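Before any comments, here is the structure.
The values are calculated or read from the model by the stated rules, or taken from the named source; none is laboratory data. Because the structure is predicted, anything quoted here is derived from the model rather than measured. Because the Cβ atoms are built from the backbone with ideal geometry, glycine has one as well, and the counts that use them run over all protein chains shown. Side chains included, ligands, DNA and RNA excluded: accessible areas come from the protein's heavy atoms. Shrake-Rupley method; radii C 1.70, N 1.55, O 1.52, S 1.80 Å.
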Amino acid sequence: TRRLLERAGLPSGGRVLDLCCGRGDSLRLLGRLGFHCAGIDRESVVSSAQLKYPELPFSIWEGGPLLFGDGYFDA
């Protein structure tokens, strides 16, 4: 995650969507580095991730259109 952020050149404070966020480890790192982030994954995965990191913003997604408007995220 750190290497990808370095290559992307995103400024701190940018908005990042972590699609298929898994356990939320990258989402946690993004938040610690000053990014505004959201993690999205299947219900079974998000339920587990929320137990590990209850302070992080997770959403359940089972496919279809995302709940965010076009251009909302920087990456």
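Most mobile of PRO57, PRO65, PRO11 per a Gaussian network model of the chain (Cα springs, under 10 Å)?
PRO65
In the neighborhood of GLY22, defined by Cβ-to-Cβ distances under 13 Å, what is the net charge if each Lys or Arg adds +1 and each Asp or Glu adds -1?
Values: positive: ARG23, ARG28, ARG42, LYS52; negative: ASP18, ASP25, ASP41.
Summing Lys and Arg as +1 and Asp and Glu as -1 gives +1.
Over the chain, with a single point scatterer placed on each C-alpha, what log10 of the ratio I(q)/I(0) does the Debye formula yield at q = 0.25, 0.26, 0.28 1/Å?
The computed values of log10 I(q)/I(0) come out as -1.19, -1.25, -1.34.
Put a dot 7 Å past each Cα toward the Cβ at ASP74 and ARG2; how far apart are the dots in nm?
2.0
To the nearest 10 square angstrom, what accessible area does SER26 show with a 1.4 Å probe?
40
Pick out which of ARG15, ARG32, ARG42 has the largest mean-square fluctuation in a Gaussian network model of the chain, springs linking Cα atoms closer than 10 Å.
For the chain, modelled as a Gaussian network with Cα springs under 10 Å, the answer is ARG32.
Which angle between 0 and 90 degrees, to the nearest 10, do you get for helix 43-52 versus the longest principal axis of the chain when only C-alpha atoms count?
70
So, with +1 on the Cβ of K and R and -1 on the Cβ of D and E, and no other charges, what is the size of the charge dipole of the chain about its Cα centre, to the nearest 20 debye? Don't jump to the answer; show the numbers that get you there.
Details: 9 positive and 9 negative charges, 70 e Å.
Computed charge dipole of the chain: roughly 340 debye.
For LEU66, LEU4, LEU17, LEU27, what's the largest-to-smallest order of accessible area, 1.4 Å probe? Walk me through the intermediate numbers first.
Working: LEU66 65, LEU4 125, LEU17 40, LEU27 0 Å².
From most accessible down to least: LEU4, LEU66, LEU17, LEU27.
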